[in-house]
Amino acid sequence: MTGAVLTESPYRLREYHAFDSGGTQFLYLVPSGAIFALNEIGREIVECVGEEDRTREELVATLGERGYAEEDIEVALTELEQSDVIFSRGGTFIEKPKVPTRSFPLQRVVLHVTNQCNLACGYCYEYSGDKISETQGKPKNMDASVAEAAIDMLIKESAERPSVHVTFFGGETLLNFPLLRHTVGYAKTKCAEVGKSVEFSLTTNATLLNEENVEFLAEHRVGITVSIDGDRELNDKMRIFHDGRGSYDVIVPKIKMLLERHRTNSIGARVTLSAGVLQVRKIYQHLTQEVGFKAVGFSPATANPERLYHIGVQKMSSILGGFEDLAWEYRDWAVAGKQHGFTNANDTLKDLHSGISKAYPCGAGLGLLGVGTAGDLSLCHRFVDSPVGKMGHLQQGGVDHAARNNFLETHNLSSRYDCHTCWARPVCAGGCYHEAFVHYGDTSAANLHYCDWIRGWNDLCLRIYGEISLQNPSFLDRFSDN
Amino acid sequence: MNSMRPMNRKARKVEDAVSAMTGDVHALQDKKNNGKVYYPMGCTLNFTPGWEVDVSGGTAGLCQPVERDLFDCYLGCGWPAQVPDHLNNAPNWTDKCASAANDWRNVDIVFP
């Protein structure tokens, strides 16, 4: 093929998601995750290329007739081509670097400090019909030797990382508070010896919070996620004790005490949405205004479609409506320079701001591992003690690097063919492995039942990002540090 | 970029990559100055070996003969390190050289 033929190849559009926000047209480029606002000439070129096949010469002629200087058109075409907005067979584009996934240093362990829970929430993946863990023969509580081995492993596997993170999970974590206290002290001492910093977080149902443990958590700057589903009526639909009593009246006074006394790290509410608990706005207002949370995040319950609490397609769209309502309120606050507490919007905007382009949906198996009470290592906390997603054993050789590498190779976005034409893949990358396993029996399956929802949500967040970037760009600086 | 504006951090990285591909070296030119010659203060800011333009920004008085350099360093830039000390030790070293282009052979040789 000669050079002459190459230069006459028509331009085509590359992959992107176009959206309008605040009267400006934006492009979200895929797979880079870059967000550009189109200028007049850029918008016209993209429109022209989208209408029909045109060569460079034809584009220069068409736009020249519309009053653009030839030099400006040439510069714009080159920019758009090299930014991967348009392409032609004879053109050039910048080679993307290949990111190595092996030898990825560990950043976080999630310790299952106990398998026990004093609540019996209907949707819990640890105990409900969708349970995948096999805890028979395993100790109910983690003991100090396992926790210490986990910390030692984290320090060793984190290689050159300057900081590591320990998350306490369960079961109800505070049922094993003595171990939690011991582990915090041990991790601090060991990390100090090797010059690493260490941070902590835990998830709790709040039933066992008291002044003593809150004081400890505040002193050690432990970030806390409290599971609560809204007001008394909504919370007590699913979040109940074993005898059927609702937990709301027990936990709210304790949460208020926690919010009052613990000011050294973030404390967020985590709402699990299920078939009867979908009133996003009502729940948000209650948890922020009545209970006092500064941050509230929502997540649909993971469930096999056969479960009664499973949220069907129709109800998922009503959740998106609720999210949209709160997200626009987030936009209003952001434009006014205030931090809104809707963490789903905050997290997605943060990802969009950095221009994240994921090869994996989350850090499971990559920078994060779960640790069971007996020392079993797993993909993440949701796979602890499950035959699926095993990643070795603390006292039997440590991390199984072969299993980890094999998992990373088979779960890379490049092997999720369903995702290859989706514009939302830079932020989604196929979705939760556990969700996929519960739905399809395969961790490597893309979560196709969520696709429309994910695209709808990301389109909404992109439009909000566009408005904030036009009206109050300095608000976005808060996302730049991490 | 004239076709679009980068809005997030990744877009700024793309912009950097594109300008690295399309950008040009701006030696003594400055686009902001409508294409006029950009004349840096002092030759040390200039990475080309020797002057490409003379002190007025033109080419009429280029470095020929090479002694022109001496005078440009000494007079134009106030940087006497490369020439004899005109104040104390060699006050007369250019007395016989009224015009560098014509009389450069008359510049004295000074031995430190």
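Every read-out reported here was derived from the displayed coordinates using simple, explicitly stated rules and does not represent laboratory data. Keep in mind that this is a model prediction, so the values were computed, not measured. Glycine gets a Cβ as well: all are built from the backbone with ideal geometry, and neighbour counts include every protein chain shown.
Find how much the distance from A:ASP152 to A:ASP53 grows on full extension, using 0.36 nm per residue of separation minus their present alpha carbon separation; answer in nm with one decimal.
Working: separation 99, 0.36 × 99 = 35.64 nm, distance 6.03 nm.
Gain in length upon complete extension: 29.6 nm.
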Using a Förster distance of 56 Å, the FRET efficiency for A:ASN210-A:ASP20 (Cβ separation, nearest 0.05): 0.60
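Can you pull out the trypsin sites (Lys or Arg not before Pro) in segment A:244-326 whose DSSP state is coil and whose Cβ has at most 13 other Cβ atoms within 10 Å?
Numbers: sites: A:ARG245, A:LYS254, A:LYS256, A:ARG261, A:ARG263, A:ARG270, A:ARG281, A:LYS282, A:LYS294, A:ARG307, A:LYS315; in loops: A:ARG245, A:ARG263, A:LYS294, A:ARG307.
Sparse-neighbourhood loop trypsin sites (Lys or Arg not before Pro): A:ARG245, A:ARG263.
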Prolate/oblate/rounded call for segment A:3-87, Cα gyration tensor, a/c under 1.5 rounded: oblate
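Sorting A:THR288, A:THR264, A:THR135 on the 10 Å Cβ count, fewest up front, what's the list?
Details: A:THR288 17, A:THR264 13, A:THR135 20.
Fewest-to-most ranking of A:THR288, A:THR264, A:THR135: A:THR264, A:THR288, A:THR135.
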Number of partner chain Cβ atoms within 10 Å, mean per residue of B:11-21: 5
Euclidean distance of C-alpha centroids, segment A:432-482 and segment A:315-342, integer Å: 14 Å
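Exposure proxy check: A:VAL60, A:VAL164, A:VAL214 ranked by fewest other beta carbons within 10 Å? Write out the running numbers ahead of the final one.
Values: A:VAL60 16, A:VAL164 24, A:VAL214 19.
Neighbour counts put them in this order, fewest first: A:VAL60, A:VAL214, A:VAL164.
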Anisotropy class of segment A:254-319 from Cα gyration tensor, a/c 1.5 cut: prolate
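Within 10 Å of each Cβ in A:355-362, how many Cβ atoms from other chains are there, averaged over the peptide?
On the way: counts 9, 3, 1, 0, 0, 0, 0, 0.
Mean number of neighbouring Cβ atoms from other chains: 2.
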For A:HIS310, A:HIS434, A:HIS242, A:HIS182, order by how many other beta-carbon atoms lie within 10 Å, fewest first: A:HIS242, A:HIS182, A:HIS310, A:HIS434
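Once the Cβ-Cβ distance between A:ASP249 and B:ARG12 is put in as r, and R0 is 45 Å, what FRET efficiency do you end up with, to the nearest 0.05?
Numbers: r = 51 Å, r/R0 = 1.14.
Once the sixth-power term is evaluated, E becomes 0.30.
Which shape class, rounded, prolate or oblate, goes with segment A:432-482 when its Cα gyration tensor gives a ≥ b ≥ c as root eigenvalues, a/c under 1.5 marks rounded, and past that a/b bigger than b/c marks prolate?
Values: a/c = 6.46, a/b = 2.35, b/c = 2.75.
Verdict is oblate for segment A:432-482.
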Estimated 222 nm signal from helices in chain A, with DSSP H stretches of n ≥ 4 weighted -39500 (n - 2.57), rounded to 500: -12000 deg cm²/dmol
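Please report the net charge: other residues with Cβ closer than 15 Å to the Cβ of A:LYS294, K and R +1, D and E -1.
+2
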Relative contact order of chain A, defined on C-alpha pairs under 8 angstrom at six or more residues apart (%): 16 percent
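Length gain on complete extension for the stretch A:VAL194 to A:THR421, per 0.36 nm per residue less the alpha carbon to alpha carbon distance? Could you put the intermediate results ahead of the total?
Values: separation 227, 0.36 × 227 = 81.72 nm, distance 4.54 nm.
Taking 0.36 nm per residue and subtracting the Cα distance, the gain is 77.2 nm.
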Where labels lie 7 Å past Cα in the beta-carbon direction, separation of A:GLU409 and A:HIS182 in nm: 4.0 nm
Two-decimal log10 I(q)/I(0) for the protein assembly as shown, as the Debye equation yields it once each C-alpha is a single scatterer, q = 0.08, 0.12 Å⁻¹: -0.71, -1.22
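Report the GluC sites (Glu not before Pro) located in segment A:237-318 that are in a DSSP loop and have at most 11 other Cβ atoms inside 10 Å of their Cβ, or state none.
Working: sites: A:GLU260, A:GLU290, A:GLU306; in loops: A:GLU306.
Hits after loop and neighbour filter: A:GLU306.
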Euclidean distance between Cα centres, segment B:1-16 to segment A:205-244, Å: 44 Å
FRET efficiency estimate (nearest 0.05) - Cβ-Cβ, A:LYS131 to A:SER163, R0 25 angstrom: 0.15
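Just tell me how shielded A:189-199 is by partners: mean number of partner chain Cβ atoms within 10 Å of each residue's Cβ, no decimals. Don't skip to the answer; put the middle values down first.
Details: counts 0, 0, 0, 0, 0, 0, 0, 0, 0, 0, 0.
Average neighbour count from other chains, rounded to a whole number: 0.
Net charge within 10 Å of A:GLY398 by Cβ-Cβ distance, Lys/Arg positive one each and Asp/Glu negative one each, not counting A:GLY398 itself?
In short, -2.
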Between segment A:30-59 and segment A:270-310, the alpha-carbon center distance in angstrom: 41 Å
About the Cα centre, charge dipole magnitude for the protein assembly as shown (Lys/Arg +1, Asp/Glu -1 at Cβ), debye: 1980 debye
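Can you flag which of A:LYS282/A:LYS315; A:LYS131/A:LYS358; A:LYS196/A:LYS358 are past 21 Å Cα-Cα? Working shown, then result.
Details: A:LYS282/A:LYS315 16 Å; A:LYS131/A:LYS358 28 Å; A:LYS196/A:LYS358 27 Å.
Those over the limit are A:LYS131/A:LYS358; A:LYS196/A:LYS358.
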